[in-house]
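One structure below.
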Amino acid sequence: MSLAVTHKPRLRREIVVTLLVKFAVIYALWYLFFSEPVDENLEAPQVGDTLFGSAPVTSPSAANSVINPDFNSVKTPKEK
């Protein structure tokens, strides 16, 4: 019985320390990623357009020019 009594405060302290560490990590994540907006002028419709896009890219060359703006200006061996 004395063994269980001596481990109880230690277990309680371990649980309290673990919870405090978890709350500190959650607060740090909130502070780093959600505490301040990135752009003061950003409005809800702009966020929706950014997340969901207004229109999908239909042609492969358009997709490549968005990813690599110099894609269309690259000379192939046939064009020299």
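Please go through (1) at pLDDT below 80; (2) part of a helix (DSSP H, G or I); (3) of a type in the set (Asp, Glu) for GLU14 and return the number of the only condition it doesn't satisfy.
All conditions are met except number (1).
Residues in the stretch 31-46: is at least one part of a helix (DSSP H, G or I), over 22 Å from the mean Cα position of the chain (by Cα) and at pLDDT 90 or above? Working first, answer last.
To start, the set of residues in the stretch 31-46 that are part of a helix (DSSP H, G or I) comprises 31-34, 44-46.
Subsequent filtering for residues that are over 22 Å from the mean Cα position of the chain (by Cα) retains none.
No, every residue in the stretch 31-46 fails to be part of a helix (DSSP H, G or I), over 22 Å from the mean Cα position of the chain (by Cα) and at pLDDT 90 or above.
In the set ALA28, ALA4, which member is modelled with pLDDT of 80 or more and either of a type in the set (Gly, Ala, Ser) or part of a loop (DSSP other than H, G, I, E, B) (or both)? Walk me through it before giving the result.
Numbers: ALA4 fails: modelled with pLDDT of 80 or more.
It is ALA28.
The values are calculated or read from the model by the stated rules, or taken from the named source; none is laboratory data. Just so you know, these numbers come straight off a predicted model, no measurement behind them.
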